[in-house]
Each structure stands twice: as C-alpha cells, then as structure tokens.
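The values are calculated or read from the model by the stated rules, or taken from the named source; none is laboratory data. In this text the structure is predicted, and so the values were computed from the model without any measurement. Don't worry about glycine lacking a Cβ; one is built from the backbone with ideal geometry, like all the others, and counts go over all protein chains shown.
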C-alpha cells in the first residue's frame, strides 16, 4: 500500500495537517466527528506527499504519485464497513435503464473498468489504491484498500429491487442506485488503521481572529503550522475563459442535431483522412470553435507562437494555434498529438477513424486546457457534454447582458 512506502516525516506532516484541519470542524458542523471536506482531504494528501493533484480532472483518480493512481475518499465511519460512491454514470443512464440483473452488472463492470483503464493509460499508472480518511468520534482513522477492476467472471447478484441492484465479485461488494445512476462500493474498515486523535475547538473563529491580531504574534501556539493547515481549507477557483477553456473533440453542431458523423471524418482528429494529397496518419489537430475564440481571445498566444503543452503523463509537447482565424490547436511534430491521444489513450490504430461512439465508450468527448502562464498550458480529458455545460459560463458583457458570439 502507498503509506507503507512513505517516510515517517511525511506521515507525521500528513497527520499533523489532518489533526489541525479537523480541529476547526465547528466552523462547519456541530458533530463530535471531525469534518474534513473532500477537496481539503485531497489538498492535504498531495501537499504532504508531493503528489500531483487531479482535483480539477474528471478521472478515476484524485492524485498521482510515482506511477500510482490514488482514489482519496473521506467519510463518517459507522460500524465495520461503509458503502460509498465510486462512480457516476448519468451520461450512460439510457443504456443502463433497459438492463437488469446480470446483464446490468456486466455493463456496469464494463463502464467501470474502462474508466479505470482509461485513467491508467492517460497517466501511465502501474498501480492504484484507495486512500481513506475515516471520521469517528474525536478521531480520524486513515487506512488503504485495493483499487480493483470488477471481475466479470465472478459476478454474483445479491439483491435486485425497483431502486437498486446489489452484486459482488471475488473481491468487492457493489450497489447500483437506478435513479441517480451511481455505483457504490463497500469499504471494509481494517483493524490496523492509522489513528489520529482530534481535539475539536469550541470557538474556532476566535482562534482565526487571534492569528491576525498582535496577541496572536505573541501567543504560544505554533502559528505557522496552524496557518499552513488553514491554507488547505480553501483553494483558488479557476475562472472560465481566463484560466481554462473546454474544446470539443467533435462537431458541436452535428452533436446537437444528432447528425452523423458527429466527429468529422476528414478534419480535426481525422485530418489524416482528408483528400487532396497523401497525408501522414499522425496529421491531426483539435478544433477551437468560434464561441471559444471570441469569448477567450487572449487565452492562447498569437497564431504560430510556440508554447508548452503538458499532457497528463507529465510529458511536454510543443504546441501552437494555427490555420486561418487561429481555429486549430496542433503540436510539433504534428504526430506527437496523435501518438498520445489517438494511439496511447484512445487506442486507435493508424488509419482508424475516430467516431463519437468511441468517445462515448470511454465517457469523455472533450478536453480541458488550463493556462499556467503565456508559455505553459496543461491538457486533460473532460467528461461527456462538458463542452455544452462550459458554454453556459460565457461571461456577461458590461451592460449585464450575456454575450454569445456565434
């Protein structure tokens, strides 16, 4: 497991952070069980162990470290085990709704396993683990458990009702909620947890006020450690169209009208298939729709100006926007984008057409580009229909009216 590979100092830093964060529980809850919001749990883990935080990526893992995918979960402990959400299939609900029993369990296994395998290909992970922050009475219990694919050969139906399907395989027990299209997994709490006692402050606001006062500078508590812990309670929000954009890997108009082919067969990621001349199988680009260009005109550098594009596995590609109107995102060499996206992640062979059905199978049909600086950008996949949701965030004009450039 992951914790077994960490130094005592890293683990001590982590437990101190959780203890300090838990002590401020009364800011949010009156329970005697420490409150730790899930984003805060992810931040604390990544800061203590130097992991890459995937909080803003919609993938199977919350963090990546040393080739290990980590699913970080925090929940209140009740008894010897707890059923918790591990996946959501809203975008595939129409396919699941017509199934039941073993057929439904097998289809859920397909969706679940492909989502995990996709993340493994995307981040080049060799191992995976669930890292659990369990909250009990004045106590935090940290433990880890295996992050398994569903073994279809050993699936057994436990119970089926109008609202849910319970099933298990050789390793785990699952529960699928029909109305919410949510898959849950039973987490068994081991006896050998890392236990962290937490003293919940009665008046946490007074402590925060004290930190900013002259008296706080003279106080005997370890102010710097406390401030670091408080810093984990919040995270900077990215601004749409300024800090990040979403780009579709298909034609938005074709998708809206359900007009095939939804992914253009002779342009964008299938540009290699265009006529007119002999083309390399790696000749591709990602289209930048006019709605994105018009509402985020300064997001990318000017046409043909080279910048760094970091992909999820840590490699950096040389990229630029090109074509008339800066409507295409390409890499140099051009095939670098195809090698990563089409071959390594989507697992398409050379000269194999990318279809929208393929994107639906993996559950992702667009990419998120995050801007770090004018020279450095990051790309990651985003879930189905995310581009359409992103357009709803188009900023308002000065007169208070929404601006939407077509």
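Considering each of 317, 309, 269, 258 in turn, give the residue that is farther than 30 Å from residue 37 by Cβ, in the same structural domain as residue 356 (by TED's automatic domain parsing) and modelled with pLDDT under 95.
Only one candidate qualifies: 258.
Filter the stretch 152-180 for residues that are under 24 Å from the mean Cα position of the chain (by Cα) and not in a strand (DSSP E or B); which is nearest to residue 114 (Cα to Cα)?
Looking at the filtered set, the residue picked out is 172.
Tell me which of these residue 210 doesn't satisfy, since it passes every other one: (1) within 21 Å of residue 12 (Cβ to Cβ); (2) surrounded by 16 or more Cβ atoms within 10 Å (Cβ to Cβ); (3) at pLDDT below 95.
The one condition residue 210 does not meet is (1).
With the condition kept exactly as written, say whether any residue in the stretch 25-36 is farther than 22 Å from residue 364 by Cβ, in a helix (DSSP H, G or I) and touching a strand residue (DSSP E or B) at 6+ places or on another chain (Cβ under 8 Å).
No: zero hits.
Among the residues of the stretch 146-165, how many are closer than 21 Å to residue 75 by Cα and either crowded, with 19+ Cβ neighbours inside 10 Å or free of Cβ contacts under 8 Å to residues at least 12 places away in the same chain (or both)?
1
Tell me which residues, restricted to the stretch 260-287, are out of contact with any helix residue (DSSP H, G or I) (no Cβ under 8 Å at 6 or more places or on another chain) and farther than 30 Å from residue 392 by Cβ.
273, 274, 275, 276, 277, 278
Looking only at the stretch 151-164, decide whether some residue is touching a strand residue (DSSP E or B) at 6+ places or on another chain (Cβ under 7 Å), assigned by TED's automatic domain parsing to the domain that holds residue 96 and under 23 Å from residue 132 (Cα atoms).
Scanning the stretch 151-164 turns up no residue that is touching a strand residue (DSSP E or B) at 6+ places or on another chain (Cβ under 7 Å), assigned by TED's automatic domain parsing to the domain that holds residue 96 and under 23 Å from residue 132 (Cα atoms).
Is one or more of the residues making up the stretch 92-99 crowded, with 17+ Cβ neighbours inside 10 Å and within 23 Å of residue 155 (Cα to Cα)?
Within the stretch 92-99, one or more residues are crowded, with 17+ Cβ neighbours inside 10 Å and within 23 Å of residue 155 (Cα to Cα).
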